[in-house]
Amino acid sequence: AAVIPDSLRVTAVPQTLNKVERDSLELKCEVSKSTAQHSHVSIAWYRQRGSESPVEVISLSRDFVLRAGSAYAQRQAMGDVRLDKVGETTSKLTIYNLHPSDQGEFYCEAAEWIQDPDKSWYAMTRKRSQGAIVNVQATDKEFSVRLETEKRTYIVGEPVEFRCILEAQNVPDRYFSISWAFNSSLIASLGPNAVPVLNNEFAQREALGQLKVAKESDNVFVLKIYRLRLEDSGKYNCRVTEREKTVTGDFIDKESKRPKNIPITVLPLKTSISLEIVNNASNVLEGESLRFGCSVRSGFGPQSRFSVTWQLMDKLNRRSEIVRLDREGTLQPGPSYAERSSYGGIQVEQVRPGSFTLEIFNSVKADEGHYECRVVEWTRTLDGEWQMVGERHTGTPVSITALEAGFAVTAISRTPGVTYNESFDLQCIIKPHYPSWVPVSVTWRFQPAGSTEFHDLVTFTRDGGVQWGDRYAGFRTRTAIEKAESSNNVRLSISRASDTEAGKYQCVAELWRKNYNSSWTRLADRTSNLLEIRVLRP
């Protein structure tokens, strides 16, 4: 197949035109070809601004169909945008009633099309002319504002710069003030004198050189945060207000404009630590101590410091903070554990860097639930500030058996019928088999034969003492009371039985708990069955 020579020429006069809003614009483009074969030419006009994508103004297709680009379609329909052929090779673009938005570089692009034997068309060649720079000066006092930043997602410690750009005519001769906002709260404001006034915490950060608010040029204002924190995530915005100077020299506000918010997200630095939690017992008896170990196993450097927070998620999924140990070693108990901690009922220790223990003494049923250890890794930045690197957490469940669960008492005797002057034993059996540190008091009570009233005979107190009742003094000389070493069972032994000891016996057991503030709580009391002792004459 023969090669078809490229003969397409597209030329326009390179020029710069300064126009005023509502002027007319006329641009010409010369398109010629000398191809021997039958071919068609399409032509299109474009407007381009800087690095933005070109915007199509109007085009004439190879089939001679005239069509405006979407940005100019309405104005073409109104007759404000035209494309005309002038002579054999020249096309003329006309735009009436210029807008400031028409500012940019205009160029034309032509393509030469040839038809294949299968009737399909293809573009042999495509060329563009040199451009004409068109400036359009607005005739009114309108202004617009746009907000720019490089990206939307940052990592802790990175810098961010927001640029608030004012687009208006004759800015140096007008007065504008600007304010910056974060999550709708004012950060700073700059009046026409360009001296920034900062608010609260942002003023402190600016004083430390961590933040800057400035006027870069007449129409560019900058907010710069040199080292982002996690809490800097949120929506940023600027507001520009045009102000008018009165004859007295005061300023009055005319009009305010603000662009759309720019939301940014600040992600934590990636931490590579891993945690391990150790639980001394996942099922304990109320009153026993709970002991946990939480250790950073790997992934941290010699410069790292750690803070730890211990939390409890109870059976109702309510989360409460037990205690927090910051990176300086300062202990801060949670609100609901403050009093208990002040009595030494909670202890936290950093055994070595990254290894922590939590001990809860004298546990109660409410301590049951899921225990969580949350460790935050910190590292020091070049300017000496501590920066959070990241956080890990791990947990373990704990079940606590209530002391009163299954608490019961039974009175037994092997000799319900006793011969006069013989000895007899009564046993008070406590269940379950409590450890020796669980305080239980046991009282033997007695109702003499023929009486309807019970009176306390003797009490084995919760602290191991013996207390005699004052009603039956005669018993004391012939009665021994003994508590088993390995349990809370209490035996009453009576020697030389007489009619005085005949009657009904009963034991009452009380279960106690000593609280963290040394007060006592009676958890439960149980009364045994009745034992009737008959004293038989020989």
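The values are calculated or read from the model by the stated rules, or taken from the named source; none is laboratory data. Keep in mind the model is a prediction, meaning the values are calculated, not measured. Here Cβ is always computed from backbone atoms with ideal geometry, including for glycine, and neighbour counts include all displayed protein chains. What goes into the accessible areas is simple: the full protein's heavy atoms, side chains included, and nothing from ligands, DNA or RNA. Shrake-Rupley method; radii C 1.70, N 1.55, O 1.52, S 1.80 Å.
Relative to the compact-globule scaling 2.2 N^0.38 Å, provide the ratio for the alpha-carbon radius of gyration of segment 421-538. It would help to have the intermediate numbers written out before the result.
Values: Rg = 15.1 Å, N = 118, 2.2 N^0.38 = 13.5 Å.
Ratio of Rg to 2.2 N^0.38 Å for segment 421-538: 1.12.
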Only Cα pairs under 8 Å and at least 6 apart count here; give the relative contact order of the chain as a rounded whole percent. 9
7 Å from Cα along Cα→Cβ at both Q130 and A71: what's the point-to-point distance in nm? 2.4
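Relative contact order for segment 1-131: what is it in percent, counting Cα pairs under 8 Å that are at least 6 residues apart? The partial results should precede the final answer.
Numbers: 268 pairs, mean separation 42.0, N = 131.
The value is 32 percent.
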Please work out the FRET efficiency for the pair V220 and I155, using the Cβ-Cβ distance as r and a Förster radius of 35 Å; give the result to the nearest 0.05. 0.85
Once the whole set of protein chains is in place, how much accessible area is left on H40, using a 1.4 Å probe, in Å² to the nearest 10? 40
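Counting only protein heavy atoms, what percent of the accessible surface of the chain is carbon or sulfur at a 1.4 Å probe? Don't skip to the answer; put the middle values down first.
Values: 13600 of 28940 Å².
Of the solvent-accessible surface of the chain, carbon and sulfur hold 47 percent.
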Over what distance in Å are the Cα centres of segment 432-475 and segment 118-137 separated? 111
Would you report the distance distribution of C-alpha pairs in segment 143-267 as whole percents per 5 angstrom bin, up to the bin with the largest distance? 2, 11, 21, 23, 19, 12, 7, 3, 1, 0, 0
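I need the Kirkwood Rh of the chain: take the reciprocal of the average 1/r across all distinct C-alpha pairs and report it in angstrom.
Working: mean 1/r = 0.0297 Å⁻¹.
Result for the chain, one decimal place: 33.7 Å.
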Once the piece of chain linking Y96 and S423 is laid out straight, how much longer is it, given 0.36 nm per residue of separation minus the C-alpha distance between them? 104.9 nm
Quick one: the Cα spread of segment 273-401 along its three principal axes, in angstroms, biggest first? 51, 27, 26
Per-bin percent of Cα-Cα distances, segment 8-137 [5 Å]: 2, 10, 20, 23, 19, 12, 7, 4, 2, 1, 0
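Can you give the relative contact order of segment 418-538 as a percent, counting alpha carbon pairs under 8 Å and 6+ residues apart? Walk me through the numbers on the way to the answer.
Working: 255 pairs, mean separation 40.4, N = 121.
This gives 33 percent for segment 418-538.
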Just grab the label-to-label distance for E231 and H393, each label 7 Å out from Cα along the Cβ direction, in nm (one decimal). 1.9
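To the nearest 500 deg cm²/dmol, what mean residue ellipticity at 222 nm is calculated for the chain from DSSP H runs of n ≥ 4 alone, each contributing -39,500 (n - 2.57), summed and divided by the residues? Don't skip to the answer; put the middle values down first.
Details: 4 runs with 24 residues, N = 538.
The per-residue figure over the chain is -1000 deg cm²/dmol.
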To the nearest 10 square angstrom, how much accessible area does D116 have with a 1.4 angstrom probe? 60
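Take each of the peptides 232-245, 172-185, average the number of other beta-carbon atoms within 10 Å over its residues, and list them starting from the highest. Mind showing how you got there, number by number?
Details: 232-245: 17.9, 172-185: 16.1.
Ranked by mean Cβ neighbours within 10 Å, highest first: 232-245, 172-185.
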Considering only protein heavy atoms, with the full assembly of protein chains and a 1.4 angstrom probe, order S59, S189 by accessible area, largest first. S189, S59
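Where the convex hull is taken over the Cα atoms of segment 276-317, what is its projected area averaged over directions, in nm²?
Numbers: hull surface 17.9 nm².
One quarter of the hull surface, i.e. the mean projection, equals 4.5 nm².
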Please list, ordered by chain and number, the residues whose modelled amide H lies under 5 Å from the amide H of G69; skip anything fewer than 5 residues away on the same chain. V57, I58, S59
Eligible lysines near K92 by straight Cα distance, threshold 24 Å, same-chain separation 8 or greater: K19, K28, K33, K127
